[in-house]
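What follows is one structure encoded as structure tokens, with my remarks underneath.
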Amino acid sequence: MVNAIATSIPPLTGPSGRWPARYTKIQAPNASDISPMKVNGKRTRRQSYNPDFVKVLIVGCGRVGSRLAADMSREGHEVTIVDRNQRAFDLFATRGVLGPSFSGSFVIGDGCDSELLKRAGVEDADAFIAVTEGDNRNMMASQIAYHVFKVKRVVCRLYDPAREDAFKNAGIQTYCPTLVGAAAIHKLVEE
């Protein structure tokens with residue numbers, strides 16, 4: 001399978017007539033074609049002129065990932081969303097979540113692949129969020145972003161509370177919907 005990047009372009013009908021052309025797969029550049037910024041021969045991170053502006057990379061285009069991408073894009077952040085399934089992008093586009101107002105980019109491929117993450121811009125990302133349906137993929141992608149690419153803000157969704165406790169000690173922020181949901185329901189029952 002060829003990893004591909006799909007970028008946001010004006011809404012047009014795609015080749016099959018089913019989805020906007022901005023979801024059409026295009027050939028990704030080779031990682032060697034992308035040169036990071038260098039200062040005095042050392043690779044540096046690009047700094048934003050607006051401290052409230054965040055370049056964010058989201059792995060997982062499900063309900064949470066697509067909603068988060070749409071909200072952050074609407075706030076003016078530069079968003080790239082990665083998913084290995086083209087249909088995920090199509091589904092949330094037809095539901096209006098990632099509609100014409102979404103100004104971010106889409107990358108089709110495995111969010112645990114470091115070369116794909118490079119092409120998606122992880123080296124310049126201010127934040128990395130892993131919200132796929134699997135704890136293992138979220139943990140792997142988060143560790144790659146944090147330890148290999150030195151992304152400062154990494155958030156990893158983990159459904160298993162035992163994994164969430166162990167992973168918190170690794171320096172990566174975690175969100176466990178199992179614990180949050182149980183606490184919220186418990187509070188509702190007690191009121």
Item checked: Proportion of all alpha-carbon pairs of segment 129-179 beyond 15 Å (%) -> 32
Checklist line | Average Cα contact separation per residue, segment 100-190, under 8 Å, 6 or more apart, as relative contact order % | finding: 21
Check: So for segment 50-190, what percent of the C-alpha to C-alpha distances run longer than 24 Å?
Finding: 30
Next item on the list: Could you sort 53-61, 117-125 so that the peptide with the highest average Cβ count within 10 Å comes first and the rest follow in order?
Entry: 53-61, 117-125
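For the peptides 108-114, 148-154, what is the packing order when you average, over each peptide's residues, the other Cβ atoms within 10 Å and list the highest mean first?
Going by the mean number of other Cβ atoms within 10 Å, highest first, we get 108-114, 148-154.
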Next item on the list: Compare the peptides 177-189, 64-76 by average per-residue count of other Cβ atoms within 10 angstrom and give them in order, highest first.
Entry: 64-76, 177-189
Next item on the list: May I have the convex hull volume per residue, in Å³, for the Cα set of segment 62-130?
Entry: 78
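Throughout, read-outs are computed from the coordinates displayed, never taken from laboratory work. Predicted model, so just to flag it, every value in this text is computed and none were measured. So basically every Cβ, Gly included, is an ideal-geometry build from the backbone, and we count neighbours across all protein chains shown.
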